[in-house]
1. Report the FRET efficiency, 1/(1 + (r/R0)^6), for B:Glu632 and B:Asp586, where r is their Cβ-Cβ distance and R0 is 25 Å, rounded to 0.05.
2. Let me confirm one metric for peptide B:683-695, namely the mean number of other chain beta-carbon atoms within 10 Å of its residues' beta-carbons.
3. May I ask you to list the GluC sites (Glu not before Pro) in region B:623-705 that are in a DSSP loop and have at most 16 other Cβ atoms within 10 Å of their Cβ?
4. If the reach is capped at under 28 angstrom between alpha carbons, list the lysines near B:Lys174, excluding any in the same chain fewer than eight residues apart.
5. Treating only the Cβ atoms of Lys and Arg (+1) and Asp and Glu (-1) as charged, compute the dipole magnitude of the protein assembly as shown about its Cα centre; round to the nearest 20 debye.
6. With only alpha-carbon atoms in the gyration tensor, what are the semi-axes of the equivalent ellipsoid for region A:42-153, in Å, largest first?
7. May I ask which residue of A:Gly142, A:Cys103, A:Leu118 lies farthest towards the positive end of the charge dipole of region A:90-156, with charges of +1 (Lys, Arg) and -1 (Asp, Glu) on Cβ and the Cα centre as origin?
8. Based on the alpha-carbon gyration tensor of region B:313-373 and its eigenvalue square roots a ≥ b ≥ c, which shape applies: rounded if a/c is under 1.5, prolate if not and a/b is larger than b/c, or oblate?
Amino acid sequence: MSAARRDVRITVNGRTYAVSVEPRLLLVDFLRHECGLTGTHVGCAHGVCGACTVVLDGASVRSCLTFAVQADNSEITTVEGLADGESLNALQRAFHENHALQCGYCTPGFLMSLTEFLRETPDPSEAEIRERLSGNLCRCTGYANIVRAVQAAVQEM
Amino acid sequence: MSTSDTATDAGTWVGRTVPRKEDQRLLRGFGTYIDDVPEPRGTLHLAMLRSPYAHARILSIDTSEAEALDGVVAVVTGADIAELIPPFAADYEKPGFKVSHRSALAPDTVRFVGDGVALVLAENAYIAEDALGLIFADYEPLPSVADVEDALKPDAPRIHADLDDNILIEGGNKTDGFDEVFEAADNILRERFRVNRVAGTAMEPRGCLAVYEKADDSVTLWTGTQVPHLLRVGIARYLGWSESQLRVVAPDVGGGFGPKMYLYPEELLTVAMARQYRSPVKWIEDRLEDFLTTFHARDHVYDVAVAYNNDGTVQAVEVDVLVNSGAYSNYPMGVNLEPFQGPLNMPGPYRFRQFAYTTKGVATNTCSTGAFRGVSAPCVTFAMEGMMDRIARHLGIDRVDVRRRNIVRPDEFPYVNVVNQLYVSGSYVECMDRALEIVDYENYLANQPPERLVDGKYRGIGIAVVTELGGQGAARYKARSLPDLPGFDTAHVELEPNGRILATTSFASQGQGHETTFAQIIADELGVSIGDITIRGGDTENSPFGTGTFASRGAVVAGGAVMRASGDLREKVKKFAAHLLEASADDIVLEDGHAHVQGVREMRVSLYEVARAAYGLTDSMQLPEGEEFGLEAIATYDPPASSISNACHVACVAVDAATGLVEVERYIVVHDCGRVVNPLLVKGQVQGGVAQGLGQALFEEVLYDSDGQLLSATLMDYLVPTALDVPTLEMEHIESPATDNIGGFKGAGEGGVIGALPAIACAVGDALVAFGGNVNRLPLRPDAVLELIEGGNGA
């Protein structure tokens, strides 16, 4: 079962991890177990729910469908990399103020998907926001407050 | 009664929109869900081998290859653990109930696809899963049955061979004089409603980590549960341990919704294996296992007959309920919940005085079904509101008038309905009128063409007047023969030596916002800011005993306990402050983190100073006469009855004539859950509940084929709503405080889903009225809608 391990060098939230991994190790397990960054969650492990979304070299990816070896020599941002010390960033703050999360399990995936989206689409319409949000599932909020939060964050950014 | 969107009284915390305290950690990725709890060194990872058959005899299990795999510590079968974990059963006295047993791992017979057959313990989760593929189990397939009506046939396969038939529970009742009233009515309308089986689909699947504590031969179980205290009672009972040998901790939980209020085999297995192997044992469910084994919900059939007069007044209602209970009854609810809650919720807001029901919970070769947001209420409300629309169509009376003639009127509170539910207060007519005003009902009707078709879309409007049963205490649970539900909850509130406040409750949270709402209640009682308060719960070691989180009981029951305990603490604080200020305790007011003498604000001490005195951290003795050291209070709360919230939901839908796709274009809720603790959070509950109801109404369905194979086992096959499907609700609150519980609160967790099923179903019925409009099953997926358009008939 255990194929030859591979050395990878992956930078996560500014810190570089040089480790040897099994080729089949999923990126999400690398982040959670090798880096101890448990803010990235597994919701379905088949690429539908988006809870595991991280930003890899600027693009949002499903870390449950990505192997750690595919991220070799890449830079990754996870939810732990969003806040500036004690201060939440504008998007996180807008989620807080608009009650855009309840259980919070899906929230990191939404934040990371939106991080890429708002960089590419700084002034989105509600339809564009909803289209983007449709790639992530939330079972608690019914999405309305997430839409409001994105709109509020856009105003502030 | 007041109509408002935000505060009740200015200056108080209860009633104010306050963003949540818990967000800070969750938004940073610092939440600790079950898979995030630090794994002790040497943790063994448990994986389950599950039955591929709906019903089969296990002939043999060859574990030798799996055991030989590097990294595998053990492979355990049902036969191996039969003595360690005896078969467990929901066991209670109720006429018509039969005890059925479930084994944590099936020793000889499997009863649904997903039933546990063997487990692997390995060094990591990857190896554990590899090893599953190396276990060779031989089965003799047995005839199986997945459909509830098929399971009732005399020649149906028997799910439990030791029982006479597949009926796990049955009952019924009829009011005195029912037959005469039923037959004397002008009209009788009969309809059969089928309600789809759904899956709770919390975004966080289940999981647990059992840590063996060598020092005292105990186990700490971390598990994603709604009911840590009830789990400890159940596990200790079934394993024959003392409760002090077991600590159950619910960390952050990624959505509960009902299915996480049960004891599952994996919890017993990880606990038992941790002690057996003197090692931490961890199991994390994947999404496939979640769909296979986390209890489903609904899958009900309702045969309804309504007797009504020509003026639209309902005289009598009769219902026969069939519930597909799945393969096993379960702790702590047995199979009692759904079959009996349907009839209990059936009258809803209506005043009819004659009611008859029969109900059955039936075993099949499918996953167990159990609580999911609203339990049976969304289903029976779908049926009752469907009947109201049919009565309106038959009589040519507007659907609003039919409802108006039947709902409980403002001058009738307190009202006791036909199934003895006490409605102390409510706003049934007011909510409906306001919702109709918001949607501009008259104008909507005036612009609606009779055939409903504009630009390729049939448009319709649906109205649902709903009640929501919440905040039940001991008396209700005992009356419902639920011995394993205590009904009360408990809070311990203390002023810490540094003057801050720590409250620990018997509750666990799955995203409801208790850290904020309970703090709001305490802040008002003690005159402090919510920033000075820490709320904890979910840990049997550090929190007082209580029932747990389900059935919209947070604000009413746990909130009531919090209010009582902080009220008791307030009186103690006053005595200490009075001593320090040389005043009378009766004259002390708590405000802004200080105690001052009424009318003399400068005569004050801070809570810090009070705490220092109470904990003996002072130069001299500051203990008032008759008082003991410390400042803490513990209180339980057991509400006398249920709290009944109410709402009116209005849905406006567009049905694509070519594709059958239903779009919800507008959705209005006017909602009354008594005194509102935090409007922001109540709105969030309603919006989220409507989203789940919309999912059940339009997409979601757990499907088994005739062999009991699950067909909807991924999130690509089981469709939960996305941001493209759920509109932003137009929402208002009306407050009719409960008059018979301490806080005036009523439950708010389930009304959203209860109203969404009927509102959306009735709206689609209205859109398709040219084809009969006879919506009597869910979900209304495009194929089902096209069937209504093409084959529509009936009433």
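1. With a Förster radius of 25 Å, E is 0.70.
2. Values: counts 4, 10, 4, 1, 8, 10, 2, 2, 7, 3, 1, 1, 2.
Counting Cβ atoms of other protein chains within 10 Å of each residue's Cβ and averaging gives 4.
3. Values: sites: B:Glu625, B:Glu627, B:Glu628, B:Glu632, B:Glu663, B:Glu665, B:Glu700, B:Glu701; in loops: B:Glu625, B:Glu627, B:Glu628, B:Glu700, B:Glu701.
Passing both the DSSP loop test and the Cβ count: B:Glu625, B:Glu627, B:Glu628.
4. Filter leaves B:Lys94, B:Lys98, B:Lys153, B:Lys360, B:Lys478.
5. The dipole magnitude comes to about 320 debye.
6. Values for region A:42-153, descending: 22, 16, 14 Å.
7. Projecting each Cα onto the dipole axis, the largest value belongs to A:Cys103.
8. prolate
Taken together, the values in this text are just the output of simple stated rules run on the coordinates, not laboratory data. The structure presented is a predicted model; accordingly, all values stated were derived computationally and were not measured. Using ideal geometry, Cβ is built from the backbone for each residue, glycine included, and neighbour counts are taken over all protein chains shown.
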